[in-house]
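**Student:** There's a structure below that I have some questions on.
The values are calculated or read from the model by the stated rules, or taken from the named source; none is laboratory data. Worth saying up front: this structure is predicted, and the values here are computed from it rather than measured. Here Cβ is always computed from backbone atoms with ideal geometry, including for glycine, and neighbour counts include all displayed protein chains. Surface accessibility is based on the protein's heavy atoms, side chains included, excluding ligands, DNA and RNA. Shrake-Rupley method; radii C 1.70, N 1.55, O 1.52, S 1.80 Å.
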Amino acid sequence: MDVVIAADPAGAAKAAADIVARALRHRAVNLGVATGSSPVPAYQELAQRAQRGELSFGHARVFLLDEYVGLPRGHAESYHQVIRRDFTEAAGIPDSRIEGPRGDAADLIAEADRYDHVITTHGGIDLQILGIGTNGHIAFNEPPSSLSSRTRVVALAEQTREDNSRFFHHIDDVPQLALTQGLGTISEAREIVLIATGAHKAPAVAAAVEGPLAARCPASILQWHPRATFVVDAAAASQLELPAYGRERKGTRDRG
Ligand code: GLP
């Protein structure tokens, strides 16, 4: 596992965008995308590079990690809408190339299976972008989550509902359930980049990077992945203990 420590969120956004850009050049057409605030500066950076003609999402298809149960696709806080607002519209990726689980499906269990199948039939995720919850969740895999879980319906932790209530009028409006790719599903991505910024993420980053591989910290599953990079800013890195992590250096991280 690689850990890249940038000075600030803008540096983290550039470092993460560099990884995505390189993957697009080499192979990535299926891009897994996380919602939440952490990847937004990287999405903006990528969209700007696309607008300047420095990279192209012309063949890319994006795959959402998760979706709130009960919100129709058109709801402003459905992750389908959020990713359009935060990324795909500016990046020039049409709606027809956004895949995601439907939180308003009548049969949620069948919908979870359908979405796993959609990912597989498109050949799997080439590069997955992740954030991390303050409780160590990735996507909506709350602690404890089976390390081999598949896409499924989950109950959101109260901590997550509180964290995400800033996007809703009131915490009671935050859905109780979500559909999420499982840790096993996410682990099948060929490459993963997790973005975390801010001191409030420091305990979760430390547990994920240096703690035991354990269901109580779902992001620790990335220790098992052959090609995972944590891109963090100095504040999010502040509780890491091991000395030998990479500092962000311009243009030096071509792993092919
Ligand atoms: C949500 C999403 C996660 C995201 C997390 C952190 O719960 N389901 O995919 O990583 O929030 O969000 P933020 O980056 O806003 O802290």
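**Student:** So Glu188 passes all but one of these: (1) away from the ligand (no atom under 13 Å from the Cβ); (2) among the charged types (D, E, K, R); (3) without any contact (Cβ under 8 Å) to a residue 40 or more places away in the chain. Which condition number does it fail?
**Tutor:** (3)
**Student:** Can you find even one residue in the range 162-182 that is among the aromatic types (Phe, Trp, Tyr), under 28 Å from Ala23 (Cβ atoms) and away from the ligand (no atom under 12 Å from the Cβ)? Full working, then the answer.
**Tutor:** Initial filter on the range 162-182 (among the aromatic types (Phe, Trp, Tyr)): 167-168.
If we keep only those that are under 28 Å from Ala23 (Cβ atoms) too, we end up with none.
No - not one qualifying residue is present in the range 162-182.
**Student:** Moving on to the next point. Hey, any hits in the range 224-234 for a residue that's at pLDDT 95 or above and on the phi > 0 side of the Ramachandran plot? Break it down stepwise before answering.
**Tutor:** Pass one, the range 224-234, residues at pLDDT 95 or above: 224-234.
In the following step, the residues that additionally are on the phi > 0 side of the Ramachandran plot were identified as none.
Checking the range 224-234: not a single residue is at pLDDT 95 or above and on the phi > 0 side of the Ramachandran plot.
**Student:** Can I ask one more? Being more than 17 Å from the chain's Cα centre (by Cα) and not hydrophobic (A, V, I, L, M, F, W, C) narrows it down to one of Gln81, Gln48, Gln44, so name that one. Break it down into steps so the answer makes sense when it comes.
**Tutor:** Numbers: Gln81 fails: more than 17 Å from the chain's Cα centre (by Cα); Gln44 fails: more than 17 Å from the chain's Cα centre (by Cα).
Matching residue, one of Gln81, Gln48, Gln44: Gln48.
**Student:** Being within 25 Å of Ala42 (Cβ to Cβ) and of a type in the set (Asp, Glu): is that true of Glu142 here?
**Tutor:** Working: within 25 Å of Ala42 (Cβ to Cβ): yes; of a type in the set (Asp, Glu): yes.
Taking the combined requirement at face value, the residue satisfies it.
**Student:** For the range 34-57, enumerate the residues that are within 16 Å of the ligand (Cβ to nearest atom) and touching a Leu at 6+ places or on another chain (Cβ under 6 Å).
**Tutor:** Ala34, the sole residue that qualifies.
**Student:** Another question, if that's okay. Among helices (runs of 4 or more DSSP H) lying entirely in the range 92-211, which contain 2 or more residues that are on the phi < 0 side of the Ramachandran plot and open to solvent by 40 Å² or more (accessible area, probe 1.4 Å)?
**Tutor:** Because the criterion is at least 2 residues that are on the phi < 0 side of the Ramachandran plot and open to solvent by 40 Å² or more (accessible area, probe 1.4 Å), the helices (runs of 4 or more DSSP H) in the range 92-211 that meet it are 108-121, 158-164, 202-210.
**Student:** While we're here: Could you list, in sequence order, all residues of the range 18-33 that are more than 16 Å from the ligand (Cβ to nearest atom) and among the small types (Gly, Ala, Ser)?
**Tutor:** Ala21, Ala23, Ala28
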